[in-house]
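Structure first, commentary second.
The values are calculated or read from the model by the stated rules, or taken from the named source; none is laboratory data. None of these values were measured; they are calculated from a predicted model. Reconstructed Cβ throughout: ideal geometry from the backbone, glycine too, with neighbour counts over all protein chains shown. Side chains included, ligands, DNA and RNA excluded: accessible areas come from the protein's heavy atoms. Shrake-Rupley method; radii C 1.70, N 1.55, O 1.52, S 1.80 Å.
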Amino acid sequence: MKKISQLIILFLVLSLLVPISNETEAASKSIVNPNKTYTYTQMGKDITALKKAYPDLVQVKTIGTSEYGKKIYAVGLGKGSANVFINGSHHAREWLTTSLNMYMIEKYAAAYKGNKKISGYNAKSLLNSSTIWFVPMVNPDGVTLQQQGLKAFPKSTHKALIKMNNGSKNFKRWKANAKGVDLNRQYKADWKNIKNSPKAPSHKNYKGKTPESAKEVKAIVKFVNQINPEMTVAYHSSGRILYWNYKQSKANYKRDHVYAKKIGKMTGYSLVYPGKNPSGGGFTDWFISAKKRPGFTPEIGTYPGETNLPVSQFPKVWKENQGVGLYVAQESIKLKDARDKKTAAALKKDSSAKLKTAKKLEKYYSTDIKSTSNLKITKAHQNLYNTVTKDIKTLQAKVKKLPGKHTKSIKADITAMEKYKARSSSFMNAVKYGTTLQTNEKAVVQVMNNGEGSSKSPDTHKKLNSSIAEMEKKVKSVYGKSVQNLFTQKYITPAKRTAENNKYEVERYNLLVSIENQVKKEEFTAAQTNLDKLPALEKKSQDLKKKDPSKYPTYKKWETNFKNKVTILQDKVTEGLKKEEEAQKAEQELLDQQNEQAKAEQELEDKQRAEEQKQAEQELKDKQKVVEETKAEQESKDKQKVSGQN
């Protein structure tokens, strides 16, 4: 029987060791280890590791520094627009809340990646629609002092720290920051009436000289204002209770009570209800009163006395709180959606009113435009246009902050406003450019009236034609065919007439410039060819002006100056051609003489050649005769010799 009892005990021991071994193995694969004293340095390393492990889900910011220069880290977890804020370690000895914050980050990130649920909440779904921001250690100086004592601080500060600790060198009870200010008594929530505050810096409860004077609190307030969270959870220890109210309105009290009961049920923590005269100054007090939104302060763990919670309590603390962050995220998504919907409804009323204002632009570019005299930009038109432009920008900025499902009709109003604005803008641009076109037209007429025979004539004409083309584009974008016709009548038609009236003058001037260049180069024949073209161009100009002299005026001064220049050039060309002719004649005579001389020389050379040939032929004949005589003489000798032998 004794042996059986021993075997049963051994089995029980082994069965207990197996899960412990598995848990140890799992912990070794984790980043955050909450089962040890969790330091500021370790937290920094773990934050870096979490960012590396989950780069698309985790973001890290430094939101400020402590009184002794330590960075205060904020860790964002999620991808959604509904923000939640969770923090820990406002009080130095409550650093197990930092362990809880960090462990929550890792477990939620792992659940997101593995598409798993925690306490029935789908981490992936919730974190895709929200972002939970954590400041795991609000008070890094105080935590470091509580954990490590005086050795972690300069010797020059030891005396003051010991004094704030009532003469003790044991800092395990320390709650304040390292300057002796209780950070959870620093917020602007009835700060003046905080009870039981020491008169000087102390290890606990000293509220400071002024609210939000501590660097750590300044950083938190600034960050909260930046992220604008729907709900907050400020973890403290200890007592397993939940603070959730601070001077709310009845409606907000009723709303927040629902959330508090749910968190209380999840954690098993008792809800703390309002007293007759609640003392403020805490983060949650400030958030509830300043932002009119839900805030909660869970006090984790069983009271251990004036010191930190032992790490042995962490497994139970995690079990109680593992779903809190995701629950708060879930409800924040709902709150933001409801707030967005309400904001969108108000914005829709605003956009509808602004659309009516924008529609009033119509009369300035369409309905009231009956004649060319209406083609103008009045002060009222410009002011209304500026108002509509500003209204559109304001609405667009507000719409960007809201989800698309709530803004379709608002965007439709903005589109309609932009239509009225665009039509108004096209009208005003056409009026403004019409003035430019008229200026360019006047410049052409002025040059011609002044009789300027310079490059100004073609330059201003070219600029006028370019302006006409540009004006036609602008008129084409004007709303309404009848208004377009009025623009054409007032601006384009007169400008085109002026351009047409000066077309041949410009051609004649350009031809004249070519003639001048040819004369300089003494290209008189080419110059005369171009001079011969001028009368035809002049006739075309005269024929055009005969159609309607009032619309196609003759620029007498210009014509006189032009003809004078032509006369001068003609004289130069005539003289040049005459000289060219004389030069050509002299050149031809010289050429003829050279040809005669060459002919005579050739004849002499031919005669000499003939005589030389004749002489050579005679010499050849004489040689042949000698050869033949010699041959005959030899043949005679040969015959005589043969005859003698016979």
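The phi torsions of the range 386-400, fed into the Karplus equation with coefficients 6.51, -1.76 and 1.60 and a -60° offset, translate into couplings of 4, 4, 5, 4, 5, 4, 4, 4, 4, 5, 4, 5, 6, 5, 4 Hz, rounded to whole numbers, with Gly and Pro shown as x. Split the accessible area of the range 94-225 by element, probe 1.4 Å, and carbon with sulfur accounts for 48%.
With the simple model of a label 7 Å out from the Cα in the direction of the Cβ, K476 to K442 spans 2.9 nm. Ordering T554, N128, I492 by the projection of their Cα atoms onto the charge dipole of the chain, which places +1 on the Cβ of Lys and Arg and -1 on the Cβ of Asp and Glu, puts N128 at the extreme positive end.
Report the one residue of A443, L50, N501 whose Cα lies farthest in the direction of the positive end of the charge dipole of the chain (charges on C-beta: Lys and Arg +1, Asp and Glu -1; origin at the Cα centre). Farthest towards the positive end: L50.
The label-point distance for K116 and L604, in a model that sets each label 7 Å from Cα toward Cβ, rounds to 12.6 nm. Taking all protein chains into account, the per residue accessible area for the chain stands at 55 Å² (1.4 Å probe).
Each Lys or Arg adds one and each Asp or Glu subtracts one; over the other residues with Cβ under 13 Å from the Cβ of A610, this totals -3.
Classified by the C-alpha gyration tensor, the range 181-260 has a prolate form. Its axis ratio a/c, with a ≥ b ≥ c, is 1.5 or above, and a/b is larger than b/c.
So, R0 is 45 Å and r is the distance between the beta-carbons of N277 and T389; what FRET efficiency does that work out to, to 0.05? FRET efficiency, N277 to T389: 0.25.
Counting only residues at least eight positions apart within a chain, or on another chain, the aspartates and glutamates with an alpha carbon under 16 Å from that of K563 are E452, E505, E507, E516, D532, E538, D571.
Applying a threshold of 28 Å to the alpha-carbon distances of K163/K291; K390/K496; K45/K218; K163/K215; K222/K276; K52/K334 flags K163/K291; K390/K496; K222/K276; K52/K334 as lying beyond it.
By the rule of a C-alpha distance below 15 Å, with chain neighbours fewer than 8 residues away ignored, the aspartates and glutamates paired with K393 are D350, D413, E418. Phi-derived couplings, Karplus 6.51 cos²θ - 1.76 cosθ + 1.60 at θ = phi - 60°, listed residue by residue for the range 132-149: 9, 9, 10, 10, x, 9, 5, 10, x, 5, x, 4, 4, 5, 5, 7, 10, x Hz, with x used for Gly and Pro. Which shape class, rounded, prolate or oblate, goes with the range 427-469 when its Cα gyration tensor gives a ≥ b ≥ c as root eigenvalues, a/c under 1.5 marks rounded, and past that a/b bigger than b/c marks prolate? It is prolate, given that a/c is not under 1.5 and a/b is the larger ratio. Full extension of the chain between K639 and S454 yields a length gain of 55.4 nm, computed as 0.36 nm times the residue separation minus the alpha carbon distance.
Determine which residues of the range 485-514 fall in the zone a paramagnetic label at D548 would reach in this model, i.e. backbone nitrogen under 19 Å from the point 7 Å along Cα→Cβ. Residues 485-504 fall inside that zone. Principal axis analysis of the Cα atoms in the range 423-510 yields extents of 43, 17, 17 Å, listed in decreasing size. Dipole check for the range 256-407: with +1 at the C-beta of Lys and Arg, -1 at the C-beta of Asp and Glu, and the Cα centre as origin, the magnitude is about 1160 Debye.
Our estimate of slack between Q584 and A632, defined as 0.36 nm per intervening residue step minus the Cα-Cα distance, is 10.2 nm. Relative to the Cα centre, the charge distribution of the chain, modelled as +1 at Lys and Arg Cβ and -1 at Asp and Glu Cβ, gives a dipole magnitude of about 8520 debye. Filter the cross-link list K159/K204; K247/K405; K254/K341; K363/K411; K155/K207 down to pairs whose alpha-carbon distance in this structure exceeds 27 Å. In this structure, K247/K405 exceed 27 Å between Cα atoms. Net charge in the neighbourhood of A380 (other residues with Cβ under 12 Å of its Cβ; Lys, Arg +1, Asp, Glu -1) is +3. Taking every C-alpha pair closer than 8 Å and separated by at least 6 residues, the mean separation divided by the residue count of the chain gives a relative contact order of 10 percent.
Assuming charge only on the beta carbon of Lys and Arg (+1) and of Asp and Glu (-1), the dipole of the range 551-646 about its Cα centre is about 920 debye to the nearest 20. Rounding to the nearest 10 and keeping the result within 0 to 90°, find how far the Cα-based axis of helix 534-547 lies from the longest principal axis of the chain. That works out to roughly 60 degrees. Surface composition of the range 484-603: carbon plus sulfur atoms contribute 49% of the solvent-accessible area (1.4 Å probe, protein chains only, all chains present). Computed per residue of the chain from DSSP H runs no shorter than four, each worth -39500 (n - 2.57), the mean residue ellipticity at 222 nm is -21500 deg cm²/dmol. Charged neighbours of K117, selected by a Cβ distance under 14 Å, balance to +4 (K, R count +1; D, E count -1).
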